[in-house]
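Scroll down for the structure; my scribbles are underneath it.
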Amino acid sequence: MILTESVSGYVERVRSAPDRLLAEMETHAQRDAIPVVVPATGQLLQVLALAVHARRALEVGTAIGVSTLYIARGLAPDGEVVSFEVDAERHATAGEYLERAGVGDRVDLRCKDARAGLLELEGKFDFAFLDGVKAEYGAYFEAVLPLLDDGAVLVIDNVLLSGSVAGPEDGGSERASMMRSFNERILHHPELTATLTPVGDGVIVAVRQ
Ligand SMILES: C[S@@+](CC[C@H](N)C(=O)[O-])C[C@H]1O[C@@H](n2cnc3c(N)ncnc32)[C@H](O)[C@@H]1O
């Protein structure tokens, strides 16, 4: 999407093969046109969760649980990920897959609009992943920032919107313009050290300081 076809093909080929269940989930997502993280983004989530020894993670946008599984696999042994999904069918499917993956006891799946659900959470989190509706990113961020502990990692997907955000500053779609403003806000936020990486559809990785 963002990289040349040959580079993204290489990135795809060089990854370690997904286990059977993850491959089944990826096939399901593709068949039903459910947008899920590309493998490189999923692996980035797992590596980052491992790097910070994440114990309390949160996610906006479970879909059928692909990214939730990557995060769960990166958690510390007693860790847990709270994940929000508004679509009841996807929420239920994610629950089934994550049980089968053996991480059912590490996930707290909530069938709820994250904009309301995040406000009900208590205590601090050391890892967060935003991947819901792009127009709602600002609202998710407002609700998530106070929940992030010092040193917590915040990951945000699709910040390059298939490359459209790189269009002319004064042109392009409203969506691209909205995402440009959001990216600038995160990348220059006084409480974050952040970087935008061209992984998958563009991923911001930030640390709260
Ligand atoms: C891009 S998909 C998530 C993909 C998932 N993170 C993955 O990579 O496996 C976005 C999901 O967010 C859900 N969603 C949209 N608005 C939401 C909201 N306000 N709160 C929670 N989930 C929401 C959608 O139903 C959709 O399943």
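The values are calculated or read from the model by the stated rules, or taken from the named source; none is laboratory data. Everything numeric here is computed off the predicted structure, so don't read it as measured data. Neighbour counts are summed over all protein chains in view; Cβ atoms, including those assigned to glycine, are modelled from backbone coordinates with ideal geometry. We work out accessible area using only protein heavy atoms, side chains counted, and drop any ligands, DNA or RNA first. Shrake-Rupley method; radii C 1.70, N 1.55, O 1.52, S 1.80 Å.
Somewhere in the range 57-70, is a residue out of contact with any strand residue (DSSP E or B) (no Cβ under 9 Å at 6 or more places or on another chain) and either more than 16 Å from the ligand (Cβ to nearest atom) or open to solvent by 50 Å² or more (accessible area, probe 1.4 Å) (or both)?
Scanning the range 57-70, I find no residue that is out of contact with any strand residue (DSSP E or B) (no Cβ under 9 Å at 6 or more places or on another chain) and either more than 16 Å from the ligand (Cβ to nearest atom) or open to solvent by 50 Å² or more (accessible area, probe 1.4 Å) (or both), so the answer is no.
If you take the residues of the range 114-141 that are among the charged types (D, E, K, R) and within 16 Å of the chain's Cα centre (by Cα), which of them is most open to solvent (accessible area, probe 1.4 Å)?
The residue in question is ARG115.
Does ALA49 satisfy being in contact with a helix residue (DSSP H, G or I) (Cβ under 8 Å, 6 or more places away or on another chain), closer than 30 Å to TYR10 by Cα and more than 9 Å from the ligand (Cβ to nearest atom)? Lay out the reasoning, then the answer.
Working: in contact with a helix residue (DSSP H, G or I) (Cβ under 8 Å, 6 or more places away or on another chain): yes; closer than 30 Å to TYR10 by Cα: yes; more than 9 Å from the ligand (Cβ to nearest atom): yes.
Spelling it out, ALA49 is indeed in contact with a helix residue (DSSP H, G or I) (Cβ under 8 Å, 6 or more places away or on another chain), closer than 30 Å to TYR10 by Cα and more than 9 Å from the ligand (Cβ to nearest atom).
For the range 160-179, state whether one or more residues are within 13 Å of the ligand (Cβ to nearest atom), surrounded by 19 or more Cβ atoms within 10 Å (Cβ to Cβ) and modelled with pLDDT of 95 or more.
No, every residue in the range 160-179 fails to be within 13 Å of the ligand (Cβ to nearest atom), surrounded by 19 or more Cβ atoms within 10 Å (Cβ to Cβ) and modelled with pLDDT of 95 or more.
Using beta carbons and a limit of 6 Å, which pairs, at least six apart or on different chains, have the first residue in the range 170-193 and touching a residue at least 12 places away in the same chain (Cβ under 8 Å) and the second one part of a loop (DSSP other than H, G, I, E, B)?
Every condition considered, the pairs that remain are ALA176/GLY167; ASN183/VAL159; THR193/GLN209.
Do we have any residue at all in the range 2-17 that's assigned to a helix (DSSP H, G or I), touching a residue at least 60 places away in the same chain (Cβ under 8 Å) and either on the phi < 0 side of the Ramachandran plot or more than 12 Å from the ligand (Cβ to nearest atom) (or both)?
Residues of the range 2-17 that are assigned to a helix (DSSP H, G or I), as a first pass: 5-14.
From the residues that got through so far, the ones that are touching a residue at least 60 places away in the same chain (Cβ under 8 Å) too are none.
There is no residue in the range 2-17 that is assigned to a helix (DSSP H, G or I), touching a residue at least 60 places away in the same chain (Cβ under 8 Å) and either on the phi < 0 side of the Ramachandran plot or more than 12 Å from the ligand (Cβ to nearest atom) (or both).
Here's the yes/no breakdown for (1) free of Cβ contacts under 8 Å to residues at least 40 places away in the same chain; (2) closer than 26 Å to ILE2 by Cβ:
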residue	(1), (2)
VAL37	no, yes
ALA40	no, yes
LEU45	no, yes
ALA49	no, yes
THR62	no, yes
GLY65	no, yes
LEU69	no, yes
GLU80	yes, no
PHE84	no, no
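Starting from residues that are more than 16 Å from the chain's Cα centre (by Cα) and within 12 Å of the ligand (Cβ to nearest atom), keep the ones in the range 93-112 and report whichever is surrounded by the most Cβ atoms within 10 Å (Cβ to Cβ).
In the first step, residues of the range 93-112 are kept if they are more than 16 Å from the chain's Cα centre (by Cα); the result is 93, 95-106, 111-112.
Remaining after also requiring within 12 Å of the ligand (Cβ to nearest atom): 93, 97-98, 111-112.
Values: THR93: 20, TYR97: 20, LEU98: 25, CYS111: 17, LYS112: 14.
Selected residue: LEU98.
Looking at SER164 and the list (1) out of contact with any helix residue (DSSP H, G or I) (no Cβ under 6 Å at 6 or more places or on another chain); (2) more than 22 Å from GLY74 (Cα to Cα), which single condition is not satisfied?
For SER164, the exception is condition (1).
Could you tell me which residue of the range 142-159 is most open to solvent (accessible area, probe 1.4 Å), considering only residues that are among the acidic types (Asp, Glu) and either farther than 23 Å from ARG73 by Cβ or away from the ligand (no atom under 12 Å from the Cβ) (or both)?
Let us first name the residues in the range 142-159 that are among the acidic types (Asp, Glu), namely 142, 149-150, 157.
Next cut, either farther than 23 Å from ARG73 by Cβ or away from the ligand (no atom under 12 Å from the Cβ) (or both) only: 142, 149-150.
On the way: GLU142: 104, ASP149: 68, ASP150: 123 Å².
Here the answer is ASP150.
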